[in-house]
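A.B. asks: First the structure, which I've put down as structure tokens, then a few questions once you've had a look.
The values are calculated or read from the model by the stated rules, or taken from the named source; none is laboratory data. Bear in mind that the values here come from a model prediction, so they are computed numbers and not experimental data. Virtual Cβ from ideal backbone geometry, glycine too; neighbours counted across all protein chains shown. The protein model used for the area step is the full one, side chains on, heavy atoms only, and it has no ligands, DNA or RNA in it. Shrake-Rupley method; radii C 1.70, N 1.55, O 1.52, S 1.80 Å.
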Amino acid sequence: MGGNRTYTMVKPTAMRKGYMAAIMNKITEGGFKIIAAKMTKLSLAEAETFYAIHNERPFFGELTEFMSSGPIMAIVVEKENAVEAYRDFIGATNPEEAKDGTIRKLFGTNMGENAVHGSDSDENAKIEMNYFFNDRDIF
Ligand code: CMP
């Protein structure tokens, strides 16, 4: 059983399309408690740091340019076994393969612009939430 917190963010295309509030609503309705939230924008260098684990992948340039192309909403959520529960809840990375009713199916555009990020392990969740929030900003 994993920890009870994970990191997510609403990605730039979903922000541009005006889905921010609808996505946050869906997260809450799914039983995840939002314990930190901040609208911000990553520079290209910051996106490269955040996604450093993917720096060997062919899509790294596309991913980091996209993630620094506009504002994002950075969020920490709380629920039992949060990392796994949240990844299940948002659906497959590719919105076309995501189950009906999931955030990525409802609000995603394509593989890169897939509406939301979700941490893939407890270890990465800690690193990612600490990247955006101080302890005093998490409630
Ligand atoms: P995310 O959960 O933010 O973590 C890494 C991201 O890389 C992932 O969501 C996708 O948006 C993106 N990604 C994964 N595979 C591809 C791909 N083949 N082409 C473009 N982007 C990808």
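A.B. asks: Search region 20-32 for residues that are closer than 18 Å to PRO71 by Cβ and pair each with any residue that is open to solvent by 40 Å² or more (accessible area, probe 1.4 Å) and among the β-branched types (Val, Ile, Thr) when their beta-carbon atoms are under 7 Å apart and the residues are at least 6 apart or on different chains.
C.D. replies: From residues that are closer than 18 Å to PRO71 by Cβ, the pairs are MET24/ILE34; ILE27/ILE34.
A.B. asks: Cβ-Cβ distance below 8 Å, separation of 6 or more or different chains: which pairs start in region 102-118 with a residue that is free of Cβ contacts under 8 Å to residues at least 24 places away in the same chain and end on one that is open to solvent by 20 Å² or more (accessible area, probe 1.4 Å) and among the basic types (Lys, Arg)?
C.D. replies: Cβ pairs passing all conditions: LYS105/LYS99.
A.B. asks: Would you point out which residue out of ALA74, ALA36 is part of a strand (DSSP E or B), away from the ligand (no atom under 16 Å from the Cβ) and in contact (Cβ under 8 Å) with a residue 40 or more places away in the chain?
C.D. replies: One residue alone meets the criteria, ALA36.
A.B. asks: Here's a check for you: in region 29-54, which residue that is over 17 Å from ILE72 (Cβ atoms), open to solvent by 80 Å² or more (accessible area, probe 1.4 Å) and not acidic (Asp, Glu) is modelled with the highest pLDDT?
C.D. replies: Out of the qualifying residues, it is LYS33.
A.B. asks: Look through THR13, THR6 and report the one residue that is open to solvent by less than 50 Å² (accessible area, probe 1.4 Å), of a type in the set (S, T, N, Q) and within 17 Å of GLU128 (Cβ to Cβ). Quick ask: steps written out before the conclusion?
C.D. replies: Details: THR13 fails: within 17 Å of GLU128 (Cβ to Cβ).
Testing whether each residue is open to solvent by less than 50 Å² (accessible area, probe 1.4 Å), of a type in the set (S, T, N, Q) and within 17 Å of GLU128 (Cβ to Cβ) leaves just THR6.
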